[in-house]
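Every number here is computed from the coordinates shown, using simple stated rules; none is lab data. Note that the structure is predicted; figures quoted are calculated from it, not measured. Glycine gets a Cβ as well: all are built from the backbone with ideal geometry, and neighbour counts include every protein chain shown.
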Protein chains: 2
Amino acid sequence: MVNKILKLNGRDRDILATSPLFKGMSQQGFSKVIEHVAVSSFEAKDLIFREGDSPEYFYTVLTGFVRAYRLNREGREADIAVYGPGDTFAETGIFNSDAYGFNAQAAEGITLARFETESVRKLVTESPEIAFALMTTLSCNLKNALECVADDRLHTAPQRVANFILKHCPESAQSARFRLPFQKSLLAGKLGLAPEALSRAFSSLKSAGVSVHGRVIEINDVSALRRF
Amino acid sequence: MVNKILKLNGRDRDILATSPLFKGMSQQGFSKVIEHVAVSSFEAKDLIFREGDSPEYFYTVLTGFVRAYRLNREGREADIAVYGPGDTFAETGIFNSDAYGFNAQAAEGITLARFETESVRKLVTESPEIAFALMTTLSCNLKNALECVADDRLHTAPQRVANFILKHCPESAQSARFRLPFQKSLLAGKLGLAPEALSRAFSSLKSAGVSVHGRVIEINDVSALRRF
DNA sequence: ATTGAGGTTTGATCGAAATCAAAACGCAGC
DNA sequence: GCTGCGTTTTGATTTCGATCAAACCTCAAT
């Protein structure tokens, strides 16, 4: 069930203002864009849009996680990306008016900032600053997508999991501990694995000093994990 | 060996003007950008840039094909994209000054239009038209990359090859025949396959009416292939 | 505390594609 | 037409991860 609040509240506004898309944007630029924003909330499992729909809106995540996935002919699903707080998705619709290229689903209860594709398209031609911000976001999403292809093709399941863990460790830490921001089944999808494969990957990382308690990951020796 | 010609010749200029990046751009916009262009030629196997290099330039392919790939720790290579005539690559450097995210290699003798990242970054803030063209290109590359992830995760080798073939068939054709634009080993890489796997995929498509003679692909019944 | 429903782990099996090895093919240069 | 090199194909084997099935764990609701 979609619940739209037409005005941003203060907290949402703050989250948005500090997201990569708007960070570094002037007050005026920000004000212009948020004239065209609405806040939408979704419950876990709700569909935000469907592959093939016409791209009327694009989104920035305020809270929670969004799962982007595609279907094959038999209806099997494969995740292609996970978007979290501050991430912007489906912004290709601004420049490429063909249909959304994937399904987007709330992985849990979420709130999104929803922008009108059409209105922002106009803003882009008027404001170099807004254009620049969107290009930076596109660049970032493109880099991540190519990285994902490379990771899929180069690394085994345990290596992909190790990489994911290492991204969440402070660069120079000896040891570390953190909490997964979402369900393991979503992490499995993000890494292109079945949940069973993720579970087995975690247990094969025990030998590299990784222990898992529920959603809490503990790394004894970060540099050993790097060598794994 | 890199061979730089500082001025575009007429033919190169035409190719560039009709490439997706410049198609639809005004004469003035085009002129502005090509002040900052050089033409580079490379021989087969030459490296254009290396992952980790600082992104001084980005490129549009004039002729031939470019292989984008990454290495794992053991030095095994995995292709992540193939860029052909009219395609623009490494344009993320304009907005994201961190290093190139992949290695780029000439798959055969090629000519490229080479743009200075820094100069174009300035143009983008001055000209909405140029900004819009770059955003469209970024969008297109992002869509392709996400499509690639989905294809890898959803489809088997024969299905990926079938999809590739179908993209090269006229939408409504009953039967078709076309020539692969590059070596089979490059196609294998593009599809995330070992050359042996591509070869086996082709032979498993014989049952769907696909025959292969060297680089020439013949499809008896396009709609049967679609159902494969 | 008990129940029940998701989510996760473990076990067994299967299948797709990588890898290694060698044969066959295609083609440019002589 | 031959020669020889690089590409592609074919064959045998291995490996990784998917799939199916069942047990287990967690936690919210009763």
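Is there a simple number for the mean count of other chain Cβ atoms within 10 Å of the Cβ of residues in B:125-135, and what is it?
Details: counts 4, 1, 2, 7, 1, 2, 9, 7, 1, 5, 14.
Mean partner shielding for this stretch: 5.
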Item to complete: Could you compute the FRET efficiency for A:ARG11 and B:ARG73, with r as their C-beta to C-beta distance and R0 at 51 Å, rounded to 0.05?
Response: 0.75
Worksheet entry | Pairwise centroid distance, computed over Cα atoms, of segment B:47-114 with segment B:189-212, Å | 26 Å
Response to the item:
Residues of segment A:208-228 with backbone N under 11 Å of the label point set 7 Å from the Cα of A:ALA173 along Cα→Cβ are A:217-222
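Just need the relative contact order of segment A:157-198 here, percent rounded to a whole number, with Cα pairs under 8 Å and 6+ apart. Please report the intermediate quantities before stating the final value.
Numbers: 22 pairs, mean separation 18.7, N = 42.
Reported as a whole number, the value is 44 percent.
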Worksheet entry | Filtered GluC sites (Glu not before Pro), segment A:167-228: DSSP coil and at most 16 other beta carbons within 10 Å | A:GLU171
Worksheet item: So what is the calculated 222 nm ellipticity per residue for the protein assembly as shown, using -39500 (n - 2.57) for each DSSP H run with n of 4 or more, over all residues, to the nearest 500 deg cm²/dmol?
Response: -11500 deg cm²/dmol
Practice prompt. Let me know the mean shielding of B:152-160 by other chains, meaning the per-residue number of their Cβ atoms within 10 Å of its Cβ.
Written response: 4
Worksheet, complete the sentence: Zone reached by a paramagnetic label modelled 7 Å from A:LEU47 Cα along Cα→Cβ, restricted to segment A:74-110 with backbone N below 17 Å, covers A:74-80, A:99-108
Discussion item. Across the protein assembly as shown, what fraction of all alpha-carbon pairs, as a whole percent, falls in each successive 10 Å bin from zero upward?
Written reply: 4, 18, 28, 28, 17, 4, 0
Worksheet entry | Loop trypsin sites (Lys or Arg not before Pro), segment B:5-71, which have at most 14 other Cβ atoms in a 10 Å radius of their Cβ (DSSP) | B:LYS7, B:LYS23, B:LYS45, B:ARG50
Worksheet item: Where Rh denotes the Kirkwood radius from the mean inverse Cα pair distance, what is Rg over Rh for segment B:157-227?
Response: 0.92
Practice prompt. Provide the net charge surrounding B:LYS143, with neighbours chosen by a C-beta distance below 14 Å and charges set as Lys +1, Arg +1, Asp -1, Glu -1.
Written response: -4
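Taking each residue in A:86-99, count the Cβ atoms of any other chain within 10 Å of its Cβ, then average. What number comes out? Each step should come with its number before you reach the end.
Values: counts 0, 0, 0, 0, 0, 4, 9, 1, 4, 11, 7, 0, 1, 0.
Mean shielding count: 3.
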Worksheet item: Hey, if you drop one equal point scatterer on each alpha-carbon of segment B:3-154 and run the Debye formula without solvent, what base-10 log of I(q)/I(0) do you get at q = 0.08, 0.13, 0.16, 0.20 Å⁻¹?
Response: -0.22, -0.58, -0.88, -1.38
Item to complete: Quote the FRET efficiency, to the nearest 0.05, computed for B:LYS23 versus B:ARG121 with a Förster distance R0 of 22 Å and r equal to the Cβ-Cβ distance.
Response: 0.50
